[in-house]
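In what follows, a structure is listed as C-alpha cells, so that the remarks can point back to it.
The values are calculated or read from the model by the stated rules, or taken from the named source; none is laboratory data. Because the structure is a prediction, the values reported are computed rather than measured. Methodologically, a virtual Cβ is constructed for each residue, glycine included, from the backbone with ideal geometry; neighbour enumeration extends over all protein chains shown.
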Amino acid sequence: MSGEKNIANIAVAIDGPAASGKSTVAKTLAKKLGLIMVNTGAMYRAVAWATLRDGVNPDDADAVIEMLGKVDFSCGVEDGVSTILVDGFYPGEELRQDAVNNRVSRVAAIPEVRKLLVAKQRDYLKLGSLVMEGRDIGSVVFPDTPFKIYIDASEEVRLARRSAEGLADEVAKRDAEDSKRKASPLVVADGAVVIDSSEMNIDEVVNAAMEVLRERGAPASMLDAVS
Ligand code: CDP
C-alpha cells in the first residue's frame, strides 16, 4: 500500500461564445497542468460534417437521428488532446470549413445529438483529469464540478479574432442560434466565474483561470504540476 488516496479525476469546464478564445486558453491551461484537453465543438462539428458527407438535411431531425444510428463516431486522445474519427476517418481541418460552420448550430440543437455526445464527453473523465471546452460543459456535462469558467469577449473582438485566423465565420449568427435553442443553450453556468477576455492576452486569461482553480480548491498535486 502506498498510503495514497485514490483521488477522483477532476474536470475543468470552460464555456463561452464562438471565438472568445476559449480553445486557446483551454489548450494552454491543459498543457500547463498536464491535463487532457477535450474540444467538444469538434464533436458537434464532426456530426455536422457527417451530414454533409451523407447528404442529410440538418433541419430534418429524424434524418439526422437515423444517421447517428449508422455512423461510427469514435473519440480518443492523441498527444493529450481529444480526437474524433467518423467511420475511421479523421476530418481534421475540414471540420472548420464554412459549410460546417453554417450548419453546426442546427445539428447541435437536436437533443439526440447532444445526448450521444454528452455521454462520450463524460466518458473522457475515466481517462484522467481534464479541461473540457464548449457551450454546456459547466451547465450540463459536469454541473457538479467546482471548476467552471465562462470566457467572454465583445462581439467586435471576436469577429476580429476570427478574421485574423483567415476565417469568415458568421459568429454572431451562430451565437444567437446557440443561445436561443431549447436543448442546453449557451448560458453562464451556476457558479461559473466569468472572464471577459476582450482586453486581455492569452497569458492573462490563463493566469486568471489558474487563479479560479486555486480559489476553488484545486489540489496542490494539480497546481504543482505547472510547467
Ligand atoms: O471554435 P468555436 O468557438 O467557433 O466553436 P466550436 O467550439 O467549435 O463549436 C461549434 C458549434 O458546436 C457551436 O457553435 C455550437 O453550436 C456547438 N457546440 C455545442 O452546442 N455544445 C458544445 N458543448 C460545443 C459546441
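Considering segment 113-126 alone, what residues qualify as being free of Cβ contacts under 8 Å to residues at least 40 places away in the same chain and either of a type outside the set (A, V, I, L, M, F, W, C) or surrounded by 24 or more Cβ atoms within 10 Å (Cβ to Cβ) (or both)? Across segment 113-126, the qualifying residues are K115, R122. Checking V77, V118, V81 one by one, the residue that is away from the ligand (no atom under 16 Å from the Cβ), under 30 Å from A218 (Cα atoms) and of a type in the set (V, I, T) is V77 and no other. Only residues that are among the aliphatic types (A, V, I, L, M) and either modelled with pLDDT under 95 or away from the ligand (no atom under 12 Å from the Cβ) (or both) were counted across segment 88-108, and they come to 1.
When restricted to residues that are over 14 Å from the mean Cα position of the chain (by Cα) and among the basic types (K, R), segment 97-138 contains 4. When segment 173-195 is filtered for residues that are buried (at least 18 other Cβ atoms within 10 Å of the Cβ) and closer than 14 Å to A108 by Cβ, the ones remaining, listed by number, are R174, D175, D178, R181, S184, L186. For segment 91-128, the set of residues classified as in contact with a strand residue (DSSP E or B) (Cβ under 7 Å, 6 or more places away or on another chain) and more than 21 Å from R174 (Cβ to Cβ) consists of K120, Y124, L125, L127, G128, listed by residue number.
Could you tell me which of the residues S139, S154, S129 is hydroxyl-bearing (S, T, Y), more than 9 Å from the ligand (Cβ to nearest atom) and surrounded by fewer than 20 Cβ atoms within 10 Å (Cβ to Cβ)? Unique residue meeting the criteria: S154. Residues considered: S197, S221, S179. Of these, the only one that is closer than 22 Å to V12 by Cα and touching a strand residue (DSSP E or B) at 6+ places or on another chain (Cβ under 7 Å) is S197. In summary, I137 fulfils each of the numbered conditions (1) closer than 20 Å to A30 by Cα; (2) without any contact (Cβ under 8 Å) to a residue 12 or more places away in the chain; (3) of a type in the set (A, V, I, L, M, F, W, C) with the single exception of condition (2). Selection over segment 157-171 of residues that are surrounded by 14 or more Cβ atoms within 10 Å (Cβ to Cβ), under 17 Å from A99 (Cα atoms) and hydrophobic (A, V, I, L, M, F, W, C) gives a count of 2.
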